[in-house]
1. For A:ASN446 and A:LYS239, compute 0.36 nm times the residue count separating them, minus their Cα-Cα distance, and round to one decimal in nm.
2. May I ask which of A:LYS239/A:LYS382; A:LYS345/A:LYS382; B:LYS145/B:LYS220; B:LYS271/B:LYS368; A:LYS212/A:LYS255; A:LYS212/A:LYS399 have a Cα-Cα span longer than 24 Å here?
3. For A:GLU163, project a label point 7 Å along Cα to C-beta. Then give me every residue of the stretch A:46-83 with its amide nitrogen under 15 Å of that point.
4. Cβ neighbours within 10 Å, averaged per peptide: list A:384-391, A:201-208 in order, most packed at the top.
5. Please arrange B:TYR68, A:TYR510 by counting, for each residue, the other beta carbons lying within 10 Å of its beta carbon, fewest first.
6. Please list, or write none, the lysines whose alpha carbon is within less than 24 Å of the alpha carbon of B:LYS109, excluding same-chain residues fewer than 8 places away.
7. Cα axis of helix A:506-522 to longest principal axis of chain A: angle in degrees, 0 to 90, nearest 10?
8. So, with +1 on the Cβ of K and R and -1 on the Cβ of D and E, and no other charges, what is the size of the charge dipole of the stretch A:102-187 about its Cα centre, to the nearest 20 debye?
Amino acid sequence: MYCLLKCAPLILAVAVCHGWLFGDFVGKQKELNEISLWPLPQKFQSSAVAFKLSPASFQIVHAKQSSAGPSCSILENAFRRYFEYVFGDLKKHEKSRKKVYDSDLVELQVWITSADPECNGYPSLQTDESYELSVDESSAVLKAANAWGALRGLETFSQLVYEDDYGANNINKTEISDFPRFAHRGILLDSSRHFLPLKVILANLEAMAMNKFNVFHWHIVDDQSFPYMSGTFPDLSQKGAYHPFTHVYTPSDVKMVIEFARMRGIRVIPEFDTPGHTRSWGNGIKDLLTPCYSGCSPSGTFGPVNPILNSSYDFMTEFFKEISTVFPDAYIHLGGDEVDFSCWKSNPDIQKFMVQQGFGTDYSKLESFYIQRLLDIVAATKKGYMVWQEVFDNGVKLKADTQIHVWKERPQYQDEMAKVTAAGFNALLSTPWYLNRISYGQDWVNVYKADPQNFTGTDAQKKLVIGGEACLWGEYVDATNLTPRLWPRASAVAERLWSDKSVTDVGNAYNRLAQHRCRMVKRGIPAEPLFVGHCRQEYMGL
Amino acid sequence: DPQYVNFDPHNQIQNLPIGVKTRGCDGYPDEDSDESYNLSVSEGQAVLRSVTVWGALRGLESFSQLVYQDDYGSYFINKTEIVDFPRFAFRGLLLDTSRHYLPLHAILKTLDAMAYSKFNVFHWHIVDDPSFPYQSRTFPDLSNKGAFHPFTHVYTQSDVMRVIEHARMRGIRVVPEFDSPGHTLSWGKGQPNLLTPCYKGDVPSGSFGPVDPTVDTTYKFMESLLKEVKFVFPDSYVHLGGDEVSFACWQSNPNVRTFMEKMGFGKDFTKLESFYMESIMNMTAALNRTSIVWQDVFDYRERIPQDTVLEIWKGETYQAELSRMTQAGHRVLLSAPWYINHISYGQDWRNSYAVQPQNFSGTEEQKKLVIGGEVAMWGEYVDATNLNPRLWPRACAAAERLWSDEEKTLDADLAFPRLEKFRCELLRRGIQAEPLFVGHCKHEYDGL
């Protein structure tokens, strides 16, 4: 057995065994040199036989039989990125490419097996991210159906390399066969409550790739600010952003995020949340929002999108036409959460409309009326949509491929997941993963324990759970504290969504995650500590 | 639209002359330093007057906060009169470099930010159970064997000197804490026989407990260490810790039990702890240093030197503790409600702001014995990746509570816009202070 034995003065000693062992190596394994994979692969076998890698001679190459080659920029970028992760800042030496040791591993061959490696496309919910990694005497081979699977395999490969006592890079004989349990593994960032400079968004996409997250849910606008620069409606950001020049995302910023994400196999799903959460939209679009009334006259404040005006729907049609071309993913998140009815109730025109439509005093019917028309508008752009659970809870008519995003604490999310899947819809879980809710101590444990399929239902229902998202709402978060607040806590979600559901041992997870956290720090991500201890290389950024 | 002001020389402040009454640029600030200052800005002239250089530093900080820019980028300062002095003389901030090693630049950056908020004591909780990063000149094995890594995770003598001087330049005292007899696991790695071996029945179990108070070698060692501490750290105060001593290990050890009988302590281990702490405090006094100890030492027993400063850290009953300690005539520091390592969701700075350090039952004389307080950033979950946003601006709430007049600063809602602006200013000055709530700064943080 390949055994990990960790002893730290303040932490329980944990012994975990994976796979088979060749030879005695317990002595060689020291705390800081241990292999710690995160998230844990589905099938992993390793032995004590170690091979050395030298930056002077090691290469990552396309296998001869691979359908991908040098024209695949996703792989070319990844080869460079993972070489740097493994060897640090060491650039390739000009010295000889000859083996220095007999035990040298000279190359990792990347073999894309499908006819279409998908190098020029975008990942989707249906993407096959599986891979096989075999590390042996002469060479290592990474096999995947497409470039996306190869990216996952490259991350795992980089996690297998460790430094021995002499500082040399080693990797053990290994067989891995891996694939994600869930296809939708996302992170939500909120760039409206606080503007998030591009640098921090890109750094977090980088961190997401290290954790095999594959969806960036960009909650890009909300009440407080509208940083998205729209080509069709420039006033939206001109009048709605915190500052029209310094606190906006230009079209080229957005392109950069999308391409940076694509290079890492990450989908970018934008959320344009309506009819609530839209205060900043009203600055740039006259008459979009409902004027609230105080008695018989307007109070001067505004509420949700005005659902009784045709102009609202004309705007949404034009706006979402633009969005559907700017964002290539097959899905858009339309929000639909937390609609406050009090403004609608106060408005006499709306009151009249309610009577005309026969809605009585049930404003959720008005909300559904709006959502229905919005969904039809978006469906016409050929995009699928994701909505927060309220839309489902209120009985709106939804397309079969709608994804329902579960986030509320009441009713219990397990019951909601059961209801959503019983109705035949795909469900996405976020409730236990609101990482903006901080508390003192190791709260990653509860994050780790939550399971999206933990509800009473049939197998068919469980299959409708497509995954989940860790949410970092921005009320108290901006570039100064985002990264340490998100990582490594989001890593706990990453493993829950990728690894087998039987991977639940918290003690073992602690040891691996503590190492994985040091690895992220080494790679320049200021992931905060789990508990007392240290990393060989502490965070140098400040 | 901003009022356009003619740039008439009468309206420009050309310089800020600083008048300091007493000499003392080459010394260190201490518990009696006068930090008061007067700042006067009027047509064409400004002047800053203080009693000491330390007051001048405080005045300069205030001056820098008065300057603002208009939309065209011109710098302005309004006609102003300020008469200022701190309510409390001891306004501290604790960093823990044992639970996680903090690189030097993180400590220096913290000192910079402390100066912006007029904090004047850096309480350096430098060693503890998990690691001993202090490189001792007398006992090099303490860090060689006790640090997380003997080279990369230590503070050399020159690192320590750097911290002390960087602090002095900002009018900040550096008070080291060498906490004992508990919280000393890492000490035992480099100093064998220092810690009490725990027993399982008749045999040592292999684990160790607090410092062994029954043997001479312990006191010889502590005396040498304290002599070095006096040599290295110029402040007249030193923190001796004394908190959270677990008695289980002492109880299990037959030699300790024998010692207890010999000394007539019976089964009361608080007497043993007091015996130890009294010795250490006496050593400290003989070295002409004032001790600060955690409240446990007072709670357990009598006979502490009258000039010992007590620090309150236990949360539930700190007002009662304030009464008791000041009634016994001791000077007190309040830390309990300012453990800002305890994070929670939302604007918890308001809790820090609401603390009233002299709101306890006692006479005016007693209230005067509260010499100040400390914000604590314990290190279990903190290192260089998250230290700055966790410290700032939340620590600023306590900074104002410790400096300003309480009556004028009771309303957190009034403080909010000032603190919000100050937070943006901290960002501008390169301090990675996190947001208080939704909003933005002109210049956002452009790092990670």
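1. Taking A:ASN446 through A:LYS239 to full extension adds about 70.4 nm, to one decimal.
2. Beyond 24 Å between Cα atoms: A:LYS239/A:LYS382; A:LYS345/A:LYS382; B:LYS271/B:LYS368; A:LYS212/A:LYS399.
3. Only A:53-55 fall inside the zone, counting backbone N under 15 Å.
4. Those peptides, ordered most packed to least, come out A:384-391, A:201-208.
5. Starting with the residue having the fewest Cβ neighbours, the order is B:TYR68, A:TYR510.
6. Candidates past the 8-residue exclusion: A:LYS199, A:LYS522, B:LYS118, B:LYS421, B:LYS442.
7. 90 degrees
8. With only Lys, Arg, Asp and Glu charged at Cβ, the dipole is about 520 debye.
Read-outs: derived from the displayed coordinates by stated rules, not from any lab. In this text, all values refer to a predicted model and were calculated from it rather than measured experimentally. Using ideal geometry, Cβ is built from the backbone for each residue, glycine included, and neighbour counts are taken over all protein chains shown.
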